[in-house]
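Asks: Please read through the structure below; I'll follow up with questions.
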Amino acid sequence: MGKYLLRRLAINAILVVIAASLAYVLAASTMNPRAAYQARQPPIAESVIDATLDAYNLNDKTPVIVRYGTWAKSVITGDFGKTWNGGSVNDEMGRRIFVSLRLLLIGTLAGFVIGVAFGAFSAVRQYKLSDRLIGVSSFVIMALPVFLLATLLAMATYNLNDALGFTLIEYTGEYNPKLAGWDQFVNRLNHLILPTISLSLGSIAFYSRIQRNMMLDVLGQDFVRTAMAKGLRRRTALTKHALRTALIPSATYFAFAFGTMFTGAIFTEKIFAWHGMGAWLVDAINANDVNSVAAVTFFTAVCVLFAAFLSDLLVAALDPRVRVS
Amino acid sequence: MRSKVVLRRLFRNKQARYGTVALILLILLAYIGPYIGPYDWTDKDFLAFMSAPDGDHWWGTGAIGQDMYAVTLRGMQKSIIIGLLVALIATGLAAVVGAFAGYFGGWVDKVLMWGVDLLLVLPSFLIIAIISPRLKGGTWLWFVVLLAAFTWMITSRVVRSMTLSLREREYVLAAVYMGIPRWKIIFRHVVPNLSSLLIIDATLNVSGAIIGEAALSFFGFGIQPPDVSLGTLIAEGSRNATGYPWLFAFPAGLLVLLVLSINLIGDGLRDALDPGSNS
């Protein structure tokens, strides 16, 4: 097992290096950070621009290979370089990871828990009205892309606030910096409502579909009947015996979603104006910010591989058959 | 014979029936609708900017006087074509790569699956977002290729694992002993036997690609102006959605209907082609 894990770790490390390098070379050879300086009024002398860009390792007059070498050297020491206007990519990343974490943790967890609950519930009540209702609404929600859902939510809230005459639910930003203490905490929670809904609705629909199918599969099996036959209450038999077994596929997906959570919310972050990792990607591309783009890619690759790893481990933990073989 | 059975099973499924009817109506609307409307999608009505829907402009007009009915249908045509092309390319690629990797095994398998892993790790959004606005000279077909290049990986893994078991079947072995070249065996015996999986996958890829296109265009990384797609229209409409809801409602509603109907068909197909499955 240890040898397998080590080998896998090595392969993953190589994949991360390749992904980040490719992203860097692609970004460095197509993006033009110079444009931001050339457009300044009053115009800046070319030599000054060159010197600035050189200092940030962004000068397009230096060959891509040379820039890549400089970048790779500093990444190995843990420094992701400078943003297009000279800020530190590391600082920016450190700040944004926590913004994303604050935004996404609740949404991801809520999506999983509620989705699994809905799925299990509708499997137990198969073909009843509640099952059909959950089925139809999850189908409709899955046809709604996140950016549409988020926009609709923002619109509805705007109209609601407008009709009420005061801001009941916040629809943009992370918090109001004017408030302090308890008020600010409440304000932060208020800002979380809409993004959390828009994040979790989709995963609720997704998990409820998977969980319903798996649960139906398990409910017909002998061990559940045995559990009931030996006198367990229905509720205990369903939760302790059926649900636990049926949880494996959803849990695998969840492990994956949990690992990739940081960059999965590009749309939600952009639309509700949270300055997290996902929004950074779009902003960096629009600002021709080569080093930031490479840093986000590096981070995403690490997350994806970590998530894949996590989901494998989880399956091994939950499913005895995998452990044995 | 089998296709008849599958079709009968498909249409016995109520969801799939609704989905098919809705999809046919939507396609008719997209391709015949423009001939019925009074305006062409390139026409600009300089007497009506941002006007609400009325008898003349059925779905209202946009910021520079475009007729929203004509523009939206034009965008829907583009979205449908993009969805179909992406699904075709992605599923084809998945079938070929997965079947070759599974059938040949050894280093071919290792190299191909390594490529799959690499593509899964690369952030597709980032790469498409960087490249596609820079293809201004090129056509939207490049965008289709890019989108397809990042959709096929997971299916190809499934195809590979199914090929591993198909490889040992008697009819495949018989073909090998008859001296048929191996690439021919793949296309004649392996891929056709994966057709149910591939058909289902292709259908769901269509809706996935339509959403993907819309999502990228929403940030301006997809279809570039002056061309339109449902994604660019939704992006434009969402900016003024509270004041001028018709700019947003029609493209968004059509997008949801389109995706929903395709998903319904895909789900019905899965039940019809693969009765044992439940995922």
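The values are calculated or read from the model by the stated rules, or taken from the named source; none is laboratory data. Remember, it's a predicted structure, so these values are computed and weren't measured experimentally. Backbone-built Cβ (ideal geometry, glycine too); neighbour counts: all protein chains shown. Just the protein is used for accessible areas: all its heavy atoms, side chains included, with ligands, DNA and RNA removed. Shrake-Rupley method; radii C 1.70, N 1.55, O 1.52, S 1.80 Å.
Asks: Tell me, yes or no, whether the range B:70-87 has at least one residue that is under 16 Å from the mean Cα position of the chain (by Cα) and closer than 23 Å to B:Pro181 by Cα.
Replies: No.
Asks: If you don't mind, there's one more thing I want to ask. Whether any residue in the range A:140-148 is farther than 17 Å from A:Ser208 by Cα, open to solvent by 40 Å² or more (accessible area, probe 1.4 Å) and within 23 Å of the chain's Cα centre (by Cα) is what I want to check.
Replies: Yes; the residues of the range A:140-148 include at least one that is farther than 17 Å from A:Ser208 by Cα, open to solvent by 40 Å² or more (accessible area, probe 1.4 Å) and within 23 Å of the chain's Cα centre (by Cα).
For (1) within 14 Å of chain B (Cβ to nearest Cβ); (2) over 30 Å from A:Arg209 (Cα atoms); (3) crowded, with 16+ Cβ neighbours inside 10 Å; (4) modelled with pLDDT of 85 or more, each residue gets a yes or a no:
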residue: A:Gly78; (1), (2), (3), (4): no, yes, no, no
residue: A:Lys82; (1), (2), (3), (4): no, yes, yes, no
residue: A:Arg95; (1), (2), (3), (4): no, yes, no, yes
residue: A:Val124; (1), (2), (3), (4): no, no, yes, yes
residue: A:Gly135; (1), (2), (3), (4): yes, no, yes, yes
residue: A:Phe166; (1), (2), (3), (4): no, yes, no, no
residue: A:Pro177; (1), (2), (3), (4): no, yes, no, no
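Asks: Determine the pairs where a residue that is outside any loop (DSSP other than H, G, I, E, B), located within the range A:52-63, has a partner that is surrounded by 13 or more Cβ atoms within 10 Å (Cβ to Cβ) with Cβ atoms under 7 Å apart, the partner being 6 or more residues away or on another chain.
Replies: Close Cβ pairs satisfying both conditions: A:Thr52/A:Tyr37; A:Leu53/A:Pro33; A:Leu53/A:Arg34; A:Leu53/A:Asn59.
Asks: Out of the range B:220-237, which residues are under 14 Å from B:Thr72 (Cβ atoms) and not aliphatic (A, V, I, L, M)?
Replies: Those that are under 14 Å from B:Thr72 (Cβ atoms) and not aliphatic (A, V, I, L, M): B:Asp227, B:Ser229, B:Gly231, B:Thr232, B:Glu236, B:Gly237.
Asks: Among the listed residues B:Ala241, B:Ala235, which satisfies the condition of being touching a Ser or Thr at 6+ places or on another chain (Cβ under 7 Å), closer than 23 Å to A:Leu160 by Cα and outside any helix (DSSP H, G or I)?
Replies: Answer to the selection: B:Ala241.
Asks: To continue, here is another question. Among the residues that make up the range B:146-157, is at least one of them in a helix (DSSP H, G or I), modelled with pLDDT under 85 and open to solvent by less than 60 Å² (accessible area, probe 1.4 Å)?
Replies: Checked against the condition, which is being in a helix (DSSP H, G or I), modelled with pLDDT under 85 and open to solvent by less than 60 Å² (accessible area, probe 1.4 Å), the range B:146-157 yields no hits at all.
Asks: Here's another thing I want to ask about it. Residues of the range A:1-28 being polar (S, T, N, Q) and at the interface with chain B (Cβ under 10 Å from one of its Cβ atoms), which ones?
Replies: Of everything in the range A:1-28, just one residue is polar (S, T, N, Q) and at the interface with chain B (Cβ under 10 Å from one of its Cβ atoms), namely A:Asn12.
Asks: Another question about this same structure. Quick check on my filter: what residues within the range B:12-57 are at pLDDT 80 or above, open to solvent by 80 Å² or more (accessible area, probe 1.4 Å) and not β-branched (Val, Ile, Thr)?
Replies: Residues satisfying the conditions are B:Arg12, B:Lys14, B:Arg17, B:Tyr18, B:Leu25, B:Leu28, B:Tyr31, B:Tyr35.
Asks: Is it fair to say B:Phe250 is of a type in the set (Phe, Trp, Tyr) and within 9 Å of chain A (Cβ to nearest Cβ)?
Replies: no
Asks: Does A:Ala35 fit the bill of being within 23 Å of B:Ile130 (Cβ to Cβ), exposed (fewer than 13 other Cβ atoms within 10 Å of the Cβ) and within 14 Å of chain B (Cβ to nearest Cβ)?
Replies: Yes, satisfied.
Asks: Out of (1) charged (D, E, K, R); (2) more than 30 Å from B:Leu273 (Cβ to Cβ); (3) modelled with pLDDT of 80 or more, the odd one out for B:Lys4 is which?
Replies: Here B:Lys4 meets the rest and fails (2).
Asks: Residues that are in a loop (DSSP other than H, G, I, E, B) and surrounded by fewer than 18 Cβ atoms within 10 Å (Cβ to Cβ): does the range A:19-32 have at least one?
Replies: Within the range A:19-32, one or more residues are in a loop (DSSP other than H, G, I, E, B) and surrounded by fewer than 18 Cβ atoms within 10 Å (Cβ to Cβ).
Asks: Now for a separate question. Evaluate the range A:216-230: report whether one residue or more is part of a loop (DSSP other than H, G, I, E, B), aliphatic (A, V, I, L, M), more than 14 Å from chain B (Cβ to nearest Cβ) and over 18 Å from A:Ile106 (Cβ atoms).
Replies: No.
Asks: Restricting attention to the range B:220-244, report how many residues are within 10 Å of another protein chain (Cβ to nearest Cβ) and surrounded by fewer than 17 Cβ atoms within 10 Å (Cβ to Cβ).
Replies: 2
Asks: Condition first: among the aliphatic types (A, V, I, L, M) and either surrounded by 21 or more Cβ atoms within 10 Å (Cβ to Cβ) or facing another protein chain (nearest Cβ under 10 Å) (or both). Now tell me which residues in the range B:101-111 satisfy that.
Replies: B:Ala101
Asks: Consider the range B:113-140. How many of its residues are in contact (Cβ under 8 Å) with a residue 24 or more places away in the chain and either in contact with a strand residue (DSSP E or B) (Cβ under 9 Å, 6 or more places away or on another chain) or more than 14 Å from chain A (Cβ to nearest Cβ) (or both)?
Replies: Of the residues in the range B:113-140, 1 are in contact (Cβ under 8 Å) with a residue 24 or more places away in the chain and either in contact with a strand residue (DSSP E or B) (Cβ under 9 Å, 6 or more places away or on another chain) or more than 14 Å from chain A (Cβ to nearest Cβ) (or both).
Asks: Looking at B:Gly98, B:Gly60, B:Gly75 in this structure, which one is surrounded by 18 or more Cβ atoms within 10 Å (Cβ to Cβ) and on the phi > 0 side of the Ramachandran plot?
Replies: B:Gly60
Asks: Still on this model: Checking the condition out of contact with any Ser or Thr (no Cβ under 6 Å at 6 or more places or on another chain), buried (at least 16 other Cβ atoms within 10 Å of the Cβ) and hydrophobic (A, V, I, L, M, F, W, C), which residue from A:Ile11, A:Ile49 passes?
Replies: Checking each option against the conditions leaves just A:Ile49.
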